[in-house]
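Structure first, then comments.
The values are calculated or read from the model by the stated rules, or taken from the named source; none is laboratory data. Everything quoted here is computed from the prediction, not taken from an experiment. Note that each Cβ is placed from the backbone with ideal geometry, even for glycine, and that neighbours are counted across all protein chains shown. What goes into the accessible areas is simple: the full protein's heavy atoms, side chains included, and nothing from ligands, DNA or RNA. Shrake-Rupley method; radii C 1.70, N 1.55, O 1.52, S 1.80 Å.
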Amino acid sequence: MTQAEIKLCSLLLHEHFGEIVEKIGTQLLRAGGQALRGIAGGTGLLLDQVKKALCVLIQHNLATFRPRRGGVEYEAQCGRILRILRYPRYIYTAKTLYGDTGELIVEELLLNGQLTMSAVVRKVADRLTETMEDGKTMDYADVSSTFVRLVDTHFVQRCPLVPEGPQSPEVPPPPAPTLLSSDKDMYTVPRLSLVGKGKRRRSCEEEDGEPRVKKQKQEGESSEAPPDDGIYWQVNIDRFHQHFRDQAIVSAVANRMDQVGASEGLAPLGAEVPHPAALSFAPTPQTSSEIVRTMLRMSEVTTSSGAPYTQPLSSNEIFRSLPAGYNIVKQVLDQYLALLADDPLEFVGKSGDSGGGMYTVNLHKALASLATATLESVVEERYKQPFFQDFCPFPLHVTGVPAPRRFGSRCARIFRLLLRKKHLEQKQVEDFAMIPAKEAKEMLYKMLSESFVSLQEIPKTPDHAPSRTFYLYTVNVPAAARMLLHRCYKSVANLMERRQFETKENKRLLEKSQRVEAILASMQATGAEPAQLQEIEEMITAPERQQLETLKRNVNKIDASENQVDETIFVLESFIESTVKRP
């Protein structure tokens, strides 16, 4: 765990859970697993505060506990904390796949960490009812059906439970329970008869005017245990990551294979890919990507997230699983599959001839290609220190950083050359890249200092004399990916600090704007005249409105940059995990 990861985790915890939880989480990240007394001593907080903060972290799956040495040891999950950065993407994906109901279900589970199905259905139905017209309500059955669909596709799963067993009074209970999860019941939805409709929140006057006895009676009736009490659900982060990975692979195939039909005979990314005009069929737009999407969709549940390749699928199975109304004959499908299998990137591989041919999607090679393309893009657009300097928390003239120098297309040419040839001497790089010796040497040393390329020494004699040693330049893709991932973490932390700085500098103006908006809303509700509303709006002057617009534009840019950097983080993390899990 690097300092950049700890800093980013600290910023995320502080932004979403407050200062106390951030202190506890940072302490656990820096010191590792600790007992309750050790955490309190390291942070200087009261035991009661530490307990409440640990409950928050455990509730949101950001920390784990285990019995150790007669007590309980708590440990923060750095990788899970970093996933907070991806919460908006999870919610947007659920909205795209399952509509507004799916979006709110995932949002409620992420906001609360763990919830029962009945609680999720009730909360989502109430929220949807608030957005509907008067007289319309959301039925619990509709929300429940969407929840079941999310579970069936493994986007939502059960939380581990405490095993039930006979408790003997003679044997003391363990200091901490051991949570168990059953693969059989993880995606089994209990049969619940959730009957009801969403309710609208009452206004403040109605709540104040309601008799206290009646309110207490209603609260007592609703305090009954729900039918699914003890069965909690959480968002399956790995399933969302699998969906993101599949989308990235489909997009890469579309960019490489499906754009050639509109390129007038120019094969993309080199001449290795045969042009469809040379085949005996007329290419359909997005056919290759649709075939790969179908193969990935067929393997969504049968293939684990860490598998190096999908389960083999026959050509006949793929043909039957293509979307309805997709006009393509079996012969054309076989030609497209052969085209995909012969591609040098090897996204799709052929594993047999039965059933018209058995094909798989090589997930490891696909992720390696995506990571390599990311590295190539960064090398071409890379500026010298600091990384993503446009979002550095302080001006460059304050930090004393010299003017940036761009790597450029020539460095990218050398980088691609080293990727293809694996190992080259400096003279060979100059000849193959057709770049003058002085410029090639400067570019190689520049990329070497930034850890994009590495130098390997092969001595002729045991004394390692420079005159009798070969110096070969090469690209260690996993090491370069780890270096770039570390810098991405630093970039996101800089972006978050910059957003907090912008918000803090304009705190007074933001509070004034919120007060004016609250006054306008209350006056509109009471039926105020337009002249009165205009008078309230003029409380914010024209320069202040311009300053608010500038602040809003800057914050939106920073938020968009965070999402873009997170996409790069996801590709690099997926590639590194695939190299570690690869047998």
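A compact table of results
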{"quantity": "FRET efficiency, ALA31 to ALA560 (Cβ-Cβ, R0 45 Å, nearest 0.05)", "calculated": "0.80"}
{"quantity": "Simple spin-label estimate for GLU425 and ARG553 in nanometres, 7 Å along Cα-Cβ", "calculated": "5.6"}
{"quantity": "Sites GLU442 and ALA479, calculated FRET efficiency, Cβ-Cβ separation with R0 22 Å, nearest 0.05", "calculated": "0.50"}
{"quantity": "Proximal lysines relative to LYS52, as straight alpha-carbon distance under 16 Å, when same-chain residues fewer than 8 apart are discounted", "calculated": "LYS23"}
{"quantity": "Accessible-area composition of region 483-522, carbon plus sulfur, in percent [1.4 Å probe]", "calculated": "51"}
{"quantity": "Linear extension gain, ASP463 paired with ASN112, 0.36 nm per residue minus alpha-carbon span", "calculated": "120.0 nm"}
{"quantity": "ARG297-LYS197 FRET efficiency (beta carbon distance; Förster radius 35 Å; 0.05 resolution)", "calculated": "0.50"}
{"quantity": "Proximal lysines relative to LYS438, as straight alpha-carbon distance under 17 Å, when same-chain residues fewer than 8 apart are discounted", "calculated": "LYS427, LYS446"}
{"quantity": "Charge context of LEU115, other residues only, Cβ under 9 angstrom, K/R +1, D/E -1", "calculated": "0"}
{"quantity": "Where region 51-159 is the region considered: accessible area per residue in Å², 1.4 Å probe", "calculated": "44"}
{"quantity": "Potential lengthening between LYS504 and THR96 on full extension [0.36 nm per residue; Cα-Cα distance subtracted]", "calculated": "143.5 nm"}
{"quantity": "For region 291-337, accessible area per residue (1.4 Å probe, heavy atoms of protein chains only), Å²", "calculated": "49"}
{"quantity": "Accessible carbon and sulfur surface of region 12-145 relative to its total accessible area, %, 1.4 Å", "calculated": "49"}
